1. Would you pick out the residues in segment C:75-112 that are under 30 Å from residue A:181 (Cα atoms) and in contact with a Pro (Cβ under 9 Å, 6 or more places away or on another chain)?
2. Would you please name the residue that is nearest to the chain's Cα centre (by Cα), looking only at residues in segment C:83-111 that are facing another protein chain (nearest Cβ under 7 Å) and farther than 20 Å from residue B:254 by Cβ?
3. Which of the residues belonging to segment B:188-200 are facing chain A (nearest Cβ under 9 Å) and farther than 21 Å from residue B:254 by Cβ?
4. Select from segment A:138-167 the residues that are in contact (Cβ under 8 Å) with a residue 12 or more places away in the chain and farther than 20 Å from residue C:105 by Cα and list them in ascending order.
5. Residue B:233 passes all but one of (1) of a type in the set (A, V, I, L, M, F, W, C); (2) touching a helix residue (DSSP H, G or I) at 6+ places or on another chain (Cβ under 7 Å); (3) within 10 Å of another protein chain (Cβ to nearest Cβ); which number fails?
6. Counting only residues that are of a type outside the set (Gly, Ala, Ser) and without any contact (Cβ under 8 Å) to a residue 24 or more places away in the chain, how many does segment C:1-42 have?
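The values are calculated or read from the model by the stated rules, or taken from the named source; none is laboratory data. A quick note: this is a predicted structure, and the numbers were derived from the prediction, not measured. Glycine also receives a Cβ, built like all others from the backbone with ideal geometry; neighbour counts cover every protein chain displayed.
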Amino acid sequence: MTTATAPPSGPPPVIGAPHTYTSVTDKIAGIVLTQRTGRGWLFGFMLGLALLGLLALAVTMLLYLGIGIWGVNVPVAWGFAITNFVWWIGIGHAGTLISAILLLLRQEWRQSINRFAEAMTIFAVMCAGLFPILHLGRPQFFYWLTPYPNTMSLWPQFRSPLVWDVFAVSTYFTISLMFWYVGLIPDLATLRDRSQSRIGRVAYGVFALGWRGSARHWQRYEIAYLLLAGLATPLVVSVHTVVSFDFSVAQLPGWHSTIFPPYFVAGAIFSGFAMVIVLAIPLRAAYGLQDLITERHLQNMAKILLVTGLIVAYGYFMEGFMAWYSGNRFERYVQLNRIVGPYGPAYLGCLLCNVALPQLLWLQRVRRSAVALFVVAVFVNIGMWLERFVIVVESLHRDFLPSSWGMYYPTVWDWATLFGSFGIFLTFFFLFIRFIPMISIAEMRMLLEEERGEAAA
Amino acid sequence: MTDAALVRLERRALAVGTAALIVAAVGAAFSPAAFFRAWLVSWLFCLSIPLGALAIVMLHYLSGGSWGIVIRRVAESTAVTLPLLALFFVPVVLGMHVIYEWAEPGAVAADPVLQYKHAYLNVPFFLARAVLYFVAWIGVAAVLVRWSAERDVVPDLDPRRFRLFAGPGLVVYGLTVTFASIDWAMSIEPRWSSTVYPMMFGVGQVLAGFAFTIAAAVLLRDREPFGRLVNPANLVDLGNLMLTFVLLWAYLAFTQLLLIYAGNIREEVTWYLAREQPGWLGVAFALIGVHFFLPFALLLQRAVKRNPVALATVAGLILVMRLVDDYWLVLPGIRGAERFHWLYVVTPLAVGGLWLAAYARRLRGLALVPANDPLVEQAMAAHGH
Amino acid sequence: MTGPRMWGLVAEFESPDALLAAAHRVREAGYRRIDACVPFPVEGLTEALGFRPTWLPLLVLTGALLGAAGGFFMQWYAMGVWYPLNVGGRPLNSWPMFIPITFELAVLVGGLTAALGMLALNRLPMPYHPLFNVPRFARATQDRFFLAIDARDARFERGATAELLHGLGAAEVSEVAR
């Protein structure tokens, strides 16, 4: 088997402690089937529900009173809603990236983190999808964005990036869900066969679809999984590319920049990996998974964080340089206004979190320390939110014509919707770690077999 | 390819290169403008191979994997051509006033935009930057080549130093290539700018690096024990990497087109308007078809990637298309370069022939399998997945 | 011969290597209606059991191409023919702007073909299978490796086949009720 696995003198193995097929199965399935519900879990789940309640309140108010309860108004019509949309969808990129690209690159260290990273993707895309719909003003007509036969004989405007977004995000959600579910089927069968309760057997059994591990099935399954990965890889890239088109297709200074597609994609991976780190470090501590999510995983993720962070920094730099080089006074003004304008602190904060702090990851000591890595990752998430805020608001609030300049101030409902969206994410995520194995058991067995084969060779 | 065959290749390349150079020099006497344009493109193309190859070597120190062992030595060896390429910059300097509008004092005096950009686009600063780029590239390359040779002799050289060097090395590469592409190619149309252009240029270089080193490795596979490295499993990995860069190139080229097409801003669309003139439009479609769709369709197939000859053929095709793409990027922007000129064919032969002779000379007697790298054993043992 | 109430025999092995060896031997002995049930895909197993490659990649390619063609046609038809709309003076067939949706639909249809096609070719969901009647078979999704021989196989003989399986180092051989 040609893997990029470590030679004897290389980095440590992916699985820490000595494990067998039986012991990995026991350990991971045990978290779901036999472990008692912990206090930490209950606390997290309750927090999720509370935030979900806040979101319900904010959305009810929005639907009842209208979009005016937010701070958006001309010229800044795209405030928090679009910022949050881009931020969440960016976070949703690491999951499928870890699963798909790292699978194709045969980076076997992915197998401990892909399941929950994929789950994270799905929940983050759900959060993301909420915002454009709420932002429509008349959310009940969201289906006008889809091509369907209608009495008005009209089609969506297919030349609009906002329609591309609908296709991109819904395709991404569907394919990510498929990818996740297909990967889950063998583990659901394991849970079905191990569950002690009738409810568990029936519930897991229904979703396991009668999987029995037939070699004939595995043959098609592996091909299907690989093909899904092959399709999902360019899909991940395309989704944030389309999101970047939402801005860059326009002619607005600060938006219309050809580097937006690759730099948005890098930024999405950057923030997505940061979120994976933010979730993985507490999870492995809480459930004692240090032998399955090892130091090597954290190190590798830290390196990806550093690389994507450098690409993002390059994007900022190119925007600045080309604004000067192009000689376009509006472009120059936008760059200047980002630093010294009224939203200056947001941009400087973004530079601090996304450019300055990640440079610490050049140091091995920082990459090896779970705490330091966690802190850097949290700041990256904040920084990436600020970046989207800067992009959305700066270009809108002062464009070509000073007479149409204005300011945007978020209201309490803007903040409530932002924090409330964490309710969706946390509630689903805690349900997921309680009822679904958060590490793929079948893939861990495969990994054991590979390491056994290498040890024998 | 045995040493004798390498000597033959070197002699032939030298003969073709010298002959073409003489013909091109004669042509230059009659139409200097066409010569300088053709020289710039040929030079940029040859330069892209060592630069891309060095980026790949550093990329591999960071990422690991058996594929990199296969092409490490052939890639490192391209570094030996960098001084020659620095020398080949001289005709570009001589032809500056023909190629670059901003280097013409008359044009600058007439245009406020060029005056604004004079702070960056002026002859002394341009030359100083070029010196800086070459110093950086030759310096990075020298370290890589020396350390790699040192490891052959010293068995337990700390492998960490390669990684520690490769990270900053790639940052240096990224920044220098960014500004080199702006200086040498983008500034041909000094009123136009695109933030993704340098990245597209760099991706093209790495793609050329992959295509060239893969083809070279396949041609040299009858050498033992090197031949054992050029096995199907490693070729599949290399083919996939080349495919990735084909896709990346297509992605960046397409998104730039789409954004400029959609924005439809006067200063921006001129770049594409110049490139959809009769003749150039055909080149554009050839790029879509032969630089993207054809390699994409071929490299998706495992059978093609496993077969050394087939893979090398695709690599050769990509290499040719890289040259075409360099022509397409550079020429339509120069006024008066729209018409085809026979020097456009002869000059690449001159530059390429001399370049190849220098490269082939370096390969003679070179140990193509690095010693004392733990990856070598793994790469030799690699079999289909 | 076998009774009508019998589906076949299933043998349990403790390691993937034992299963692989057994699969080779059973096939050499002339059995064709054989299958293995394993907790993870064992390398070389499909070859050992003599399975043909699956059609799935071709189906997915077809799906993706249909998605792309359908997606482009939809946009070209809607924007250029059904309700021609001039946006900023661009041609009605402004193909660069149709590429994003064309691509997304190619991936969507291709991906759905991969996932649903895999399930359909595998005849899943399948709520009941005779093998589930064997109590120890629950470990096929956990840590044991099973080799099953269908009673309809031309070579199948209750006693002889069971003996063969025992001889291959099976930890246990069970009869599977229909």
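1. Initially, segment C:75-112 is screened for residues under 30 Å from residue A:181 (Cα atoms), giving C:99-112.
Once the filter is applied, which keeps residues that are under 30 Å from residue A:181 (Cα atoms) and in contact with a Pro (Cβ under 9 Å, 6 or more places away or on another chain), segment C:75-112 yields C:100, C:103, C:107.
2. Result: C:111.
3. The answer is B:191, and nothing else.
4. Passing the criteria: only A:139.
5. All conditions pass for residue B:233, except number (2).
6. Of all residues in segment C:1-42, those of a type outside the set (Gly, Ala, Ser) come to C:1-2, C:4-7, C:9-10, C:12-14, C:16-17, C:19-20, C:24-28, C:31-35, C:37-42.
So of that shortlist, the ones also without any contact (Cβ under 8 Å) to a residue 24 or more places away in the chain come out as C:17, C:27-28, C:40-41.
The number of residues fulfilling the criteria is 5.
Yes/no per residue for (1) more than 14 Å from chain A (Cβ to nearest Cβ); (2) over 30 Å from residue B:272 (Cβ atoms); (3) touching a Lys or Arg at 6+ places or on another chain (Cβ under 9 Å); (4) among the acidic types (Asp, Glu):
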{"site": "B:72", "(1), (2), (3), (4)": "yes, yes, no, no"}
{"site": "B:78", "(1), (2), (3), (4)": "yes, yes, yes, no"}
{"site": "B:81", "(1), (2), (3), (4)": "yes, yes, yes, no"}
{"site": "B:86", "(1), (2), (3), (4)": "yes, yes, no, no"}
{"site": "B:96", "(1), (2), (3), (4)": "yes, no, no, no"}
{"site": "B:103", "(1), (2), (3), (4)": "yes, no, no, no"}
{"site": "B:117", "(1), (2), (3), (4)": "no, no, yes, no"}
{"site": "B:130", "(1), (2), (3), (4)": "yes, no, no, no"}
{"site": "B:183", "(1), (2), (3), (4)": "no, no, yes, yes"}
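Here's the yes/no breakdown for (1) within 14 Å of chain B (Cβ to nearest Cβ); (2) under 21 Å from residue A:427 (Cβ atoms); (3) at pLDDT 95 or above:
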residue	(1), (2), (3)
A:254	yes, no, no
A:261	yes, no, yes
A:272	no, yes, no
A:277	no, no, no
A:287	no, yes, no
A:293	no, no, no
